[in-house]
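Inspection log for the structure reproduced underneath, given as structure tokens.
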Amino acid sequence: MVETETKPVDFNIADTQRSTCMSLKNRTENERGPAEAHPYDLGRAMARFERGYLSNILELTRWDRAKAASMLGIEIETLEMKIRFYQLSPGNPPSAKTEDQPI
């Protein structure tokens, strides 16, 4: 019997998150259309959680993006993309306006 060594797969987390976000957005729009939203839409719930989580980490680090990205385990470019996407800014928690936007 020959033994083989199993190595863990190294996924690029930023690429995985980006592709997951895009596939969720496309699936949501393709299945129901952009105007129709189910009250228990998983994509919206995930977006609200991520937006609030990012906002909390950024406030905790006093908007030190390098430190926040390190704490989150993502590249700073990914964090900056998410800050723009969720329209986050220092001192302003996520607004109700952005809460209803699907990912």
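The values are calculated or read from the model by the stated rules, or taken from the named source; none is laboratory data. Model, not experiment: these values are computed from the prediction. In this analysis, Cβ positions are derived from the backbone assuming ideal geometry, glycine residues included, and neighbour counts consider all displayed protein chains. The protein model used for the area step is the full one, side chains on, heavy atoms only, and it has no ligands, DNA or RNA in it. Shrake-Rupley method; radii C 1.70, N 1.55, O 1.52, S 1.80 Å.
Here is how the numbers come out for the structure above:
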{"item": "Residue among T78, T61 that alone is more than 15 Å from the chain's Cα centre (by Cα) and modelled with pLDDT of 95 or more", "result": "T61"}
{"item": "Yes/no for E31 being open to solvent by 40 Å² or more (accessible area, probe 1.4 Å) and either of a type in the set (K, R) or modelled with pLDDT of 95 or more (or both)", "result": "no"}
{"item": "Options T20, T98; residue that is modelled with pLDDT under 75, assigned to a helix (DSSP H, G or I), open to solvent by 50 Å² or more (accessible area, probe 1.4 Å) and not hydrophobic (A, V, I, L, M, F, W, C)", "result": "T20"}
{"item": "Unmet requirement for A68, which otherwise passes all of (1) in contact with a helix residue (DSSP H, G or I) (Cβ under 6 Å, 6 or more places away or on another chain); (2) assigned to a helix (DSSP H, G or I); (3) at pLDDT below 55", "result": "(3)"}
